[in-house]
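**Student:** Below you will find the structure I want to go over with you.
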Amino acid sequence: MLNRELLTKVDFTKPWAWLATWFGCGLALPAPGTWGTIGGIPFAVFLMLAGGCKYLLVWVVVVFLVGWWAAEKFEKATGEHDASAIVIDEVTGIGFTLLFATPEIKSVTISFLLFRFFDILKPWPVSWCDKKIGGGLGVMVDDLAAAVYAALCLWGLRHAGIG
């Protein structure tokens, strides 16, 4: 659940606040993480179409690094680790997952479902990353770990002719 009182501690005149919430996607209810994931898909698909995996990979790395910084700032402002309003980690996660997809609706939809499944389920080591790595890095790493699971499943589905 989104804590409105928590958000009063965030200065939305600062770029880190808008980046951490992925331009406000993290403020949407219910399920801010799902909205953040959806908010990242158009950017990723555009890059897939414009330049393929190399453009998307560069974008994932840049968003990961920017997300680390923005999540760190958000946490310092609010005093809360991995607040639900921080969704730039989902943007990185779906971007990584889409590295293993094709820019077709079926493949993107399967990518979305797999990423959200593993991000919510948090199988080991995703759960370990979520609990043991602090700060902005911790916010970002557990979603990247969930994306690895999703990407491996997507890769398998694609080679089976499904994804």
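**Student:** Since Leu113 meets every condition but one in (1) in contact (Cβ under 8 Å) with a residue 24 or more places away in the chain; (2) among the aliphatic types (A, V, I, L, M); (3) closer than 18 Å to Gly33 by Cβ, which condition does it not meet?
**Tutor:** (1)
**Student:** Since Ile162 meets every condition but one in (1) in contact with a Phe, Trp or Tyr (Cβ under 8 Å, 6 or more places away or on another chain); (2) at pLDDT below 95, which condition does it not meet?
**Tutor:** All conditions pass for Ile162, except number (1).
**Student:** For Ala70, which of the numbered conditions (1) of a type in the set (A, V, I, L, M, F, W, C); (2) surrounded by 18 or more Cβ atoms within 10 Å (Cβ to Cβ); (3) within 21 Å of Val45 (Cα to Cα) fails to hold?
**Tutor:** Ala70 satisfies all of (1) of a type in the set (A, V, I, L, M, F, W, C); (2) surrounded by 18 or more Cβ atoms within 10 Å (Cβ to Cβ); (3) within 21 Å of Val45 (Cα to Cα) except (3).
**Student:** Kindly indicate which of Ile105, Ile86 is modelled with pLDDT of 95 or more and more than 28 Å from Thr8 (Cα to Cα).
**Tutor:** Testing whether each residue is modelled with pLDDT of 95 or more and more than 28 Å from Thr8 (Cα to Cα) leaves just Ile105.
**Student:** Counting just the residues of the range 1-46 that are among the aromatic types (Phe, Trp, Tyr) and part of a loop (DSSP other than H, G, I, E, B), which one comes out surrounded by the most Cβ atoms within 10 Å (Cβ to Cβ)?
**Tutor:** Trp22
**Student:** Determine which member of the set Thr34, Thr97 is among the hydroxyl-bearing types (Ser, Thr, Tyr), out of contact with any strand residue (DSSP E or B) (no Cβ under 8 Å at 6 or more places or on another chain) and farther than 21 Å from His159 by Cα.
**Tutor:** Residue meeting the stated conditions: Thr34.
**Student:** Another one. Select from the range 120-157 the residues that are charged (D, E, K, R) and under 14 Å from the mean Cα position of the chain (by Cα) and write down the one among them that is surrounded by the most Cβ atoms within 10 Å (Cβ to Cβ).
**Tutor:** Only one residue tops the list, namely Asp143.
**Student:** Between Gly40, Gly36, Gly79, which is of a type in the set (Gly, Ala, Ser) and modelled with pLDDT under 95?
**Tutor:** Gly79
**Student:** May I pose another question? In the range 122-140, how many are within 21 Å of Ile41 (Cβ to Cβ) and at pLDDT 95 or above?
**Tutor:** 2
**Student:** While we're on this one: Six or more apart or on different chains, Cβ under 7 Å: which pairs go from a residue in the range 129-142 that's more than 15 Å from Val87 (Cβ to Cβ) to one that's of a type in the set (Val, Ile, Thr) and part of a helix (DSSP H, G or I)? Could you list them?
**Tutor:** Cys129/Val141; Ile133/Val141
**Student:** A further question on this structure: So, of the residues in the range 47-67 that are buried (at least 19 other Cβ atoms within 10 Å of the Cβ) and of a type outside the set (A, V, I, L, M), which turns out to be farthest from Leu19 (Cα to Cα)?
**Tutor:** Only one residue fits best here, namely Trp59.
The values are calculated or read from the model by the stated rules, or taken from the named source; none is laboratory data. Note that the structure is predicted; figures quoted are calculated from it, not measured. All Cβ positions, even for glycine, are placed from backbone atoms using ideal geometry, and neighbour counts span all protein chains on display.
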